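Here's the structure we're looking at; comments come further down.
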Amino acid sequence: MSLIKHKVVTMSRAETKFREAFERLKTGKTELVPTGTKMSQNAVAKEAGVIPSALRPSRFPDLCREIAEWIDEHKDDPAQKSGRQKNLAERNARRAVREQMRAMKVQRDLALSKLLSAEAHILELTMEVRRLRALAPDPVVPIRPADRGKAAGTKPKLRSIEE
């Protein structure tokens, strides 16, 4: 004979009905409540087809504890959020996107301003270089006197072979 005694678990028909409803709600294959209904003891009772007060912790403590644990584990699931919470989350997400776009537009405008300023500065410097080149004489000074005429812009005289 075994020393370990096994506790025989017998469930009432009501508890079986509640557990089946709980499983249907977990899988999203509901029969009575709309699909996507937020998990709660009331939702389990409604899915089981009874009034919400029929599922009491005093009568079904284990099942109520399991439901509460499941709710705690899945509280961050999007499906478990109420319509108001979903709307608030969407509104906050849109607000964050708008703020990000505003910040990016400010960055774009600042970058464009810097680019235009740099282009204007480049244009000023280019014009200054052209002006200075026009003012400066030819930096190459010829060494031979005959070549000095070339530098002054006159044509050199051709010497004849007889000379």
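Any residue that is surrounded by 10 or more Cβ atoms within 10 Å (Cβ to Cβ), modelled with pLDDT of 90 or more and on the phi < 0 side of the Ramachandran plot - is there at least one of those in the range 131-140?
Of the residues in the range 131-140, the ones surrounded by 10 or more Cβ atoms within 10 Å (Cβ to Cβ) are 131.
If we keep only those that are modelled with pLDDT of 90 or more too, we end up with 131.
Next, from what is left, pick out any that are on the phi < 0 side of the Ramachandran plot: 131.
The answer is yes, given that some residue of the range 131-140 is surrounded by 10 or more Cβ atoms within 10 Å (Cβ to Cβ), modelled with pLDDT of 90 or more and on the phi < 0 side of the Ramachandran plot.
Out of 37, 27, which single residue is within 30 Å of residue 14 (Cβ to Cβ), surrounded by 10 or more Cβ atoms within 10 Å (Cβ to Cβ) and under 34 Å from the mean Cα position of the chain (by Cα)?
One residue alone meets the criteria, 37.
What pairs come up if the first residue lies in the range 29-51 and is in a loop (DSSP other than H, G, I, E, B), the second is of a type in the set (D, E, K, R) and surrounded by 15 or more Cβ atoms within 10 Å (Cβ to Cβ), and their beta carbons are under 6 Å apart, counting only those six or more places apart or on different chains?
Every condition considered, the pairs that remain are 30/24; 30/47; 32/47; 33/46; 33/47.
For residue 73, work out the one condition from (1) more than 25 Å from residue 27 (Cβ to Cβ); (2) modelled with pLDDT under 95 it doesn't fulfil.
Residue 73 satisfies all of (1) more than 25 Å from residue 27 (Cβ to Cβ); (2) modelled with pLDDT under 95 except (1).
Conditions (1) at pLDDT 90 or above; (2) acidic (Asp, Glu); (3) over 30 Å from residue 14 (Cβ atoms), marked per residue:
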{"site": "59", "(1), (2), (3)": "yes, no, no"}
{"site": "79", "(1), (2), (3)": "no, no, no"}
{"site": "83", "(1), (2), (3)": "no, no, yes"}
{"site": "91", "(1), (2), (3)": "yes, no, yes"}
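Considering every residue within the range 88-100, establish whether at least one is free of Cβ contacts under 8 Å to residues at least 40 places away in the same chain and assigned to a loop (DSSP other than H, G, I, E, B).
No - not one qualifying residue is present in the range 88-100.
The values are calculated or read from the model by the stated rules, or taken from the named source; none is laboratory data. The structure displayed is predicted, hence computed values, not measured ones. Don't worry about glycine lacking a Cβ; one is built from the backbone with ideal geometry, like all the others, and counts go over all protein chains shown.
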